[in-house]
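Worksheet: the structure to be examined is printed underneath.
The values are calculated or read from the model by the stated rules, or taken from the named source; none is laboratory data. The structure displayed is predicted, hence computed values, not measured ones. All Cβ positions, even for glycine, are placed from backbone atoms using ideal geometry, and neighbour counts span all protein chains on display. To get the accessible areas, we keep the full protein, side chains included, count just its heavy atoms, and leave off ligands, DNA and RNA. Shrake-Rupley method; radii C 1.70, N 1.55, O 1.52, S 1.80 Å.
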Amino acid sequence: MESEFKEISEKILLSKDLNIDDDDKLTLYGYYKQSTVGDCNISQPSFIDYKGTAKYNAWKENEGMNEKIAMQRYVRKAKQFLK
């Protein structure tokens, strides 16, 4: 699972022509951070930092999720855009 996760996350990162909306990007971000770091370990950004707050919330929504499960969900979601 880890090798597939790494391969797909690199493809997502390097692909410039994927049509991924902001909500899906945030979902992928949340799964990615939960997979690679674990539970959110940063302070909540200021409310005027819209981008930072959105990313924080996307990661925080996955708090407590097992890292392997987050990897599986990331891979499943990312494959929708790599077809």
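Here are the numbers for this structure:
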quantity: Low-density loop positions, GluC sites (Glu not before Pro), segment 1-63 - DSSP coil, at most 11 other Cβ in 10 Å; calculated: 63
quantity: Rounded tilt (10° steps) of 67-79 against the dominant C-alpha axis of the chain; calculated: 60 degrees
quantity: Surface share of carbon and sulfur [accessible, 1.4 angstrom probe, percent] for the chain; calculated: 47 percent
quantity: Computed accessible area, residue 32, all protein chains, 1.4 angstrom probe, square angstrom; calculated: 90 Å²
quantity: Gain in span if fully extended, residue 24 to residue 48, counting 0.36 nm per residue against the direct Cα distance; calculated: 6.4 nm
quantity: Unit charges at the beta carbon, dipole of the chain: most positive-side option, 35, 14, 47; calculated: 14
quantity: Surface per residue (accessible, 1.4 Å probe) for the chain, Å²; calculated: 70 Å²
quantity: Charged-residue dipole, Cβ positions (Lys, Arg, Asp, Glu), the chain about Cα centre, Debye nearest 20; calculated: 160 debye
quantity: Lysine pairs in the chain with Cα atoms under 15 Å, if 8 or more residues apart or on separate chains; calculated: 22
quantity: Degrees between helix 50-60 axis and first principal axis of the chain (Cα, 0 to 90, nearest 10); calculated: 70 degrees
quantity: Cα-based helix-to-principal-axis angle, 2-14 vs the chain, degrees rounded to 10; calculated: 80 degrees
quantity: Computed accessible area, residue 77, all protein chains, 1.4 angstrom probe, square angstrom; calculated: 40 Å²
quantity: Order of exposure, largest accessible area first, which applies to 27, 36, 53 with probe 1.4 Å; calculated: 36, 27, 53
quantity: Exposure of residue 49 as accessible area (Å², to 10), given a probe of 1.4 Å and all protein chains; calculated: 70 Å²
